[in-house]
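Encoded as structure tokens, the structure appears first; notes follow it.
The values are calculated or read from the model by the stated rules, or taken from the named source; none is laboratory data. Because the structure is predicted, anything quoted here is derived from the model rather than measured. Here the Cβ positions follow ideal geometry from the backbone for every residue, glycine too, while neighbour counts run over all protein chains shown. Remember, those area values only see protein heavy atoms, side chains included, never the ligands or the DNA or RNA. Shrake-Rupley method; radii C 1.70, N 1.55, O 1.52, S 1.80 Å.
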Amino acid sequence: MPTEAIPNERLQFHCMDVQVHQHTFAQDVADGLTAPQKWLPPKYFYDERGSQLYEQICALPEYYPYRAELEILGTYAAEIHAEIGHLALVEFGSGSATKTRHLLSAYEWEGQPFRYCPVDISREILQDTAHRLLQEYSQVEIRAMHADFAGQPEVIQAFQLEKKAVAFLGSSLGNFTPVESFEFLRRTAAIMGPEDVFLLGIDLKKSSVILVPAYDDAQGVTAAFNLNILYRINRELGGRFDPQRFEHLALYNDEQGCIEMHLRSRQAQRVPIAKIEQVVPFGKDETIHTESSYKYSLDEVRDLGYQANLVLRRTWFDARRYFLLALFRPS
Ligand code: AVJ
């Protein structure tokens, strides 16, 4: 359903369940903030402001994952493209598609029309990116999908592609628990044909001395990104959070192998949220767990894929081996 102003024959928009979406935000906030350990799903970070803040995070000196993956794609785009061939490229969580441009350029140099199918939860970024790409790439045909693909990779079946390369970059898989990741990969593998490929960009395990500052930067951009979810609850659900009364917290959970982000209440307080008809009580220092970012070793990535019916065929690393780009084929 095209709502954008500029019509273009090389652009199609698909829109999945935005109505359900609103309902789900209220429901998820109600569930999360009444649990013993309060929590919120990280996908709600990405409203327009949150998506902008994430872009700023990617430019931070401490936040290496973005640049490491960009380095891999920049260095090995031709090799990666050679593995993918001319398959339509589907991307989960495409965002501004900055990294993906390296791959799109490799397609463009072939001089034939090619298909790019970005799927993202942020409508603004999706539309904006689609229009930019149309201007930058004369051969691209875009089918964009506004959807929440978490837990349902099957949304990409709406593209009705015969053969495809499915990309899940930016370590977004890291936001899923290991069980959710396994389920997501297994269900993705189940809708892949024998010649399809799956491309996974994932952050690798490393010292917490490097990990923690990446999620607790000196400029406080990650703190603003984390706190933004409170502004979103205020705006969309009639919440009465005073974000000043919360502080950003990032720690590495060694046992789970993940970075955890929390919002910690600086004082005891009660926060009314009109749309969920609740007043949420906080003790001093009580936290809302807002994100887990799982880190993997190469062996863990291989095993995870193997169990999900995906065989690891190629790997690419950045020079420091901070990040992994893995190519799988269905088994
Ligand atoms: C978008 C999930 C990859 O986990 O590194 C960045 C999100 N959170 N800083 C990550 C994020 C805080 C990011 N991912």
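Name every residue in segment 187-206 that is within 16 Å of the ligand (Cβ to nearest atom), in a loop (DSSP other than H, G, I, E, B) and either open to solvent by 40 Å² or more (accessible area, probe 1.4 Å) or under 16 Å from Arg302 (Cα atoms) (or both), in order of residue number.
Result: Lys205, single match.
Would you mind stating whether Ala78 is aliphatic (A, V, I, L, M), open to solvent by 50 Å² or more (accessible area, probe 1.4 Å) and either within 11 Å of the ligand (Cβ to nearest atom) or farther than 29 Å from Tyr215 by Cα (or both)?
yes
Is there a residue being in a helix (DSSP H, G or I) and away from the ligand (no atom under 13 Å from the Cβ) anywhere in segment 211-219?
No, the conditions are met nowhere in segment 211-219.
Give me a count of the residues in segment 170-186 that are within 15 Å of the ligand (Cβ to nearest atom), over 15 Å from Pro330 (Cα atoms) and not hydroxyl-bearing (Ser, Thr, Tyr).
7
With (1) out of contact with any Lys or Arg (no Cβ under 7 Å at 6 or more places or on another chain); (2) part of a helix (DSSP H, G or I); (3) open to solvent by less than 10 Å² (accessible area, probe 1.4 Å) as the list, and Glu69 as the residue in question, which single condition is left unmet?
Of the numbered conditions (1) out of contact with any Lys or Arg (no Cβ under 7 Å at 6 or more places or on another chain); (2) part of a helix (DSSP H, G or I); (3) open to solvent by less than 10 Å² (accessible area, probe 1.4 Å), the odd one out for Glu69 is (1).
Could you count how many residues in segment 246-278 are buried (at least 16 other Cβ atoms within 10 Å of the Cβ) and either closer than 15 Å to Ala224 by Cα or without any contact (Cβ under 8 Å) to a residue 60 or more places away in the chain (or both)?
15
Tell me, which strands (runs of 3 or more DSSP E) lie completely within segment 227-303 with 3 or more residues that are within 16 Å of the ligand (Cβ to nearest atom)?
On the way: elements: 246-253, 258-265, 269-273, 278-282, 287-294.
Counting at least 3 such residues, we get 246-253, 258-265, 287-294.
Scan segment 279-300 for residues that are hydrophobic (A, V, I, L, M, F, W, C) and open to solvent by 20 Å² or more (accessible area, probe 1.4 Å) and jot them down.
Of all residues in segment 279-300, those hydrophobic (A, V, I, L, M, F, W, C) come to 279-280, 282, 288, 298.
Across segment 279-300, the qualifying residues are Val279, Leu298.
Among what's in segment 107-116 and is out of contact with any Leu (no Cβ under 7 Å at 6 or more places or on another chain) and open to solvent by less than 10 Å² (accessible area, probe 1.4 Å), pick the residue that is farthest from Leu199 (Cα to Cα).
My answer is Phe114.
Table: residues versus (1) of a type in the set (A, V, I, L, M); (2) in a loop (DSSP other than H, G, I, E, B); (3) in contact with a Pro (Cβ under 8 Å, 6 or more places away or on another chain).
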| site | (1), (2), (3) |
| --- | --- |
| His102 | no, no, no |
| Glu141 | no, no, yes |
| Asp148 | no, yes, no |
| Gly151 | no, yes, no |
| Val155 | yes, no, no |
| Gly174 | no, no, no |
| Ser181 | no, no, no |
| Leu185 | yes, no, no |
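Looking only at segment 310-319, decide whether some residue is in contact with a Lys or Arg (Cβ under 8 Å, 6 or more places away or on another chain) and aromatic (Phe, Trp, Tyr).
No, segment 310-319 contains no residue that is in contact with a Lys or Arg (Cβ under 8 Å, 6 or more places away or on another chain) and aromatic (Phe, Trp, Tyr).
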